1. Which of rounded, prolate, oblate describes region 144-237, given a ≥ b ≥ c as roots of the alpha-carbon gyration tensor eigenvalues and a/c under 1.5 marking rounded, otherwise prolate only if a/b is larger than b/c?
2. Build a GNM of the chain with springs between Cα atoms under 10 Å: which of Gly228, Gly114, Gly101 gets the top mean-square fluctuation?
3. Under the rule a/c < 1.5 gives rounded, and otherwise a/b versus b/c splits prolate from oblate, where does region 1-79 land using the Cα gyration tensor?
4. First measure r as the distance between the Cβ atoms of Arg22 and Arg265, then evaluate 1/(1 + (r/R0)^6) with R0 = 25 Å and state the FRET efficiency to the nearest 0.05.
5. Cut-off 10 angstrom, C-alpha nodes, Gaussian network model of the chain. Which of Leu75, Leu202, Leu194 fluctuates the most?
6. Expressed as a rounded percentage, what relative contact order does the chain have, with Cα pairs under 8 Å and six or more residues apart?
7. Sort the chain into rounded, prolate or oblate with this rule: let a ≥ b ≥ c be the square roots of the eigenvalues of the Cα gyration tensor; rounded if a/c is under 1.5, and if a/c is not under 1.5, prolate when a/b is larger than b/c, oblate otherwise.
8. Could you give the angle, 0 to 90 degrees to the nearest 10, between helix 173-182's Cα long axis and the longest principal axis of the Cα atoms of the chain?
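The values are calculated or read from the model by the stated rules, or taken from the named source; none is laboratory data. Quantities reported herein were computed from a predicted structural model and do not represent experimental measurements. No Cβ is skipped: glycine too gets one built from the backbone with ideal geometry, and neighbour counts run over all protein chains shown. Protein only, heavy atoms only, side chains kept; ligands, DNA and RNA dropped before computing areas. Shrake-Rupley method; radii C 1.70, N 1.55, O 1.52, S 1.80 Å.
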Amino acid sequence: MPELPEVQLVASHLDLLVRGRRIEQAMLHRPRLAPAFAPEDFNAHLANARIRSVSRRGKHILFDLENERTLVVHLRMSGRFSIAPAGSEPPRFTHAQFELGAETLHFSDQRHFGFMNIVRSDELGAAKELCKLAPEPFGEAFSLDYLRSKMKASSRPIKEFLLDQTKVCGLGNIYAAEALFESGIDPRKRADRLTKPKAELLHTAIIAVLERAVESSRAVPVEPGNIGGNFYGEQDSPDWRVYGREGEECPACGESIIRIKQAGRSTFFCRRCQR
Ligand SMILES: [Zn+2]
């Protein structure tokens with residue numbers, strides 16, 4: 001599942017590729033992708049609209065259109081965009097396509113969890129997909145005080161707390177594990193039991209791990225045929241320190257990294273460094 005840095009990459013590459021272009025026609029091939037619209041209404045809301053920009057809020061991609069509407073897209077597990085010459089055979093599992101003149105933008109999704117909605121741009125903040133999202137981690141509103149007030153109100157394990165997009169926005173399973181390692185916090189610890197110094201370390205670590213990932217993604221080349229799909233490039237194992245490293249040595253102390261299940265998902269951590 002893409003996390004904030006990956007979604008940021010997809011949005012910035014889309015912005016480079018489609019900004020200023022006009023959607024001549026939109027075709028919704030799988031109606032459940034955009035359940036709020038009949039396929040003909042989906043097209044009616046997008047046809048002839050020029051794309052002003054593509055950006056991101058949380059893990060949602062936002063196409064800001066000149067007709068004062070915004071196309072909101074969530075990639076979920078396997079959604080991806082690609083651009084091909086008009087008339088090309090669409091990729092497998094193409095659920096929507098957007099005719100941009102000489103080229104077509106395809107949205108394909110093997111696992112079928114992707115999601116689209118069209119909202120009025122002036123009501124974007126109130127859209128149900130976005131209205132409950134926590135503040136952006138790189139913005140001022142995501143302060144230490146903010147994080148502590150949310151943690152104090154939660155008795156859930158801190159790892160599960162970090163995945164809740166209404167509390168902290170943009171983290172998924174990978175960067176939650178990395179932020180907890182970097183701050184030396186046991187992922188099973190209750191959110192409301194963390195000390196102020198630990199909360200401070202965690203707040204710094206969340207921002208740092210996301211910033212580093214966004215920074216390293218700047219080297220990823222723009223590939224119209226596979227937008228954002230080469231996020232991890234040629235690397236087999238990106239420089240995660242605990243995620244996916246069960247049984248390997250902790251980079252800080254040498255103890256074996258262990259894996260446990262929390263709320264049905266894997267958590268990787270070092271028992272010695274994270275308390
Ligand atoms: Zn360790």
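1. prolate
2. Result: Gly101 has the largest fluctuation of those listed.
3. On the way: a/c = 2.19, a/b = 1.23, b/c = 1.78.
Oblate, since a/c reaches 1.5 and b/c is not below a/b.
4. Step by step, r from the Cβ atoms, then E = 0.05.
5. Comparing Leu75, Leu202, Leu194 in a Gaussian network model of the chain, the most mobile one is Leu194.
6. Working: 533 pairs, mean separation 48.6, N = 275.
Answer for the chain is 18 percent.
7. In terms of gyration-tensor shape, prolate.
8. Roughly 30 degrees, rounded to the nearest 10.
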